Amino acid sequence: MSLDVSPALLEKAERGEVDEREFVDCVRVSLPYAWELISSLVAQLKVDGTDFADNQVPPPSEQARGQLLRAMASDAIRGALQRHFGVQLAFQNCHRVAVFSPSETSAERHKRFTSVRAQVLNQSAELRDC
């Protein structure tokens, strides 16, 4: 799953002048499922007034799954999304994305979510080949 990079953005990158807002917009347009999922989790975080929100619903298609994996596997994309939304992202399996508010209280929860123990506990036969 590649990004749909416009010729103008590619030209800027070749000159070394990539604006992160333009990059984030490229991600939004290229990976709409991932963008919508992360946006909805950030909105949930704000509405609930908590420091954590996560998704446990598998993507509706392999294309959507690919978008999510692309967004979460790329350091550049994940970092840009974290800065854009002002959250920390974490990922388990093929669909369990979590957002954490940037607070000291969420640090321990993030540590637990990203632990080896949490990864082992989040396994199931249904997700073996996701």
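The values are calculated or read from the model by the stated rules, or taken from the named source; none is laboratory data. These numbers were taken from a predicted model, which means no experiment stands behind them. Note: ideal-geometry Cβ built from the backbone for every residue, glycine included; neighbour counts use all protein chains shown. Quick note on the areas: whole protein, heavy atoms, side chains included, nothing else; ligands and nucleic acids left out. Shrake-Rupley method; radii C 1.70, N 1.55, O 1.52, S 1.80 Å.
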Name every residue in the stretch 13-45 that is out of contact with any helix residue (DSSP H, G or I) (no Cβ under 7 Å at 6 or more places or on another chain), among the aliphatic types (A, V, I, L, M) and over 17 Å from Gln88 (Cβ atoms), in order of residue number.
Ala13, Val29
Of the conditions (1) among the acidic types (Asp, Glu); (2) at pLDDT below 95; (3) more than 11 Å from the chain's Cα centre (by Cα), Asp54 fails just one. Which one is it?
(3)
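Every residue, every condition in (1) modelled with pLDDT of 95 or more; (2) under 27 Å from Ala8 (Cβ atoms), yes or no:
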{"position": "Asp25", "(1), (2)": "yes, yes"}
{"position": "Ser30", "(1), (2)": "yes, yes"}
{"position": "Ala34", "(1), (2)": "yes, yes"}
{"position": "Ile38", "(1), (2)": "yes, yes"}
{"position": "Val42", "(1), (2)": "yes, no"}
{"position": "Lys46", "(1), (2)": "no, no"}
{"position": "Ala73", "(1), (2)": "no, yes"}
{"position": "Phe91", "(1), (2)": "no, no"}
Every residue in the stretch 1-32 that is closer than 19 Å to Gln82 by Cβ and of a type in the set (Asp, Glu), please.
Asp19, Glu20, Glu22, Asp25
Looking at the stretch 1-13, which of its residues are hydroxyl-bearing (Ser, Thr, Tyr) and open to solvent by less than 40 Å² (accessible area, probe 1.4 Å)?
none
Can you tell me how many residues within the stretch 96-125 are at pLDDT 70 or above and open to solvent by less than 50 Å² (accessible area, probe 1.4 Å)?
7
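State which residue is surrounded by the fewest Cβ atoms within 10 Å (Cβ to Cβ) when the search covers only the stretch 23-72 and only residues that are of a type in the set (S, T, N, Q) and part of a helix (DSSP H, G or I). Steps first, answer last, please.
Here is the first cut: in the stretch 23-72, the ones of a type in the set (S, T, N, Q) are 30, 39-40, 44, 50, 55-56, 61, 63, 67.
Keeping just the survivors that are part of a helix (DSSP H, G or I) gives 30, 39-40, 44, 63, 67.
Details: Ser30: 18, Ser39: 15, Ser40: 13, Gln44: 15, Gln63: 11, Gln67: 22.
Among residues in the stretch 23-72 that are of a type in the set (S, T, N, Q) and part of a helix (DSSP H, G or I), the one surrounded by the fewest Cβ atoms within 10 Å (Cβ to Cβ) is Gln63.
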In the stretch 57-72, how many are basic (Lys, Arg), touching a Pro at 6+ places or on another chain (Cβ under 7 Å) and under 9 Å from Leu31 (Cβ atoms)?
0
What's the number of the condition Gly16 fails, among (1) in contact with a Ser or Thr (Cβ under 6 Å, 6 or more places away or on another chain); (2) open to solvent by less than 70 Å² (accessible area, probe 1.4 Å); (3) over 28 Å from Ser103 (Cβ atoms)?
(1)
Going through (1) at pLDDT 90 or above; (2) touching a His at 6+ places or on another chain (Cβ under 6 Å) one by one, Ala64 fails only at (2)
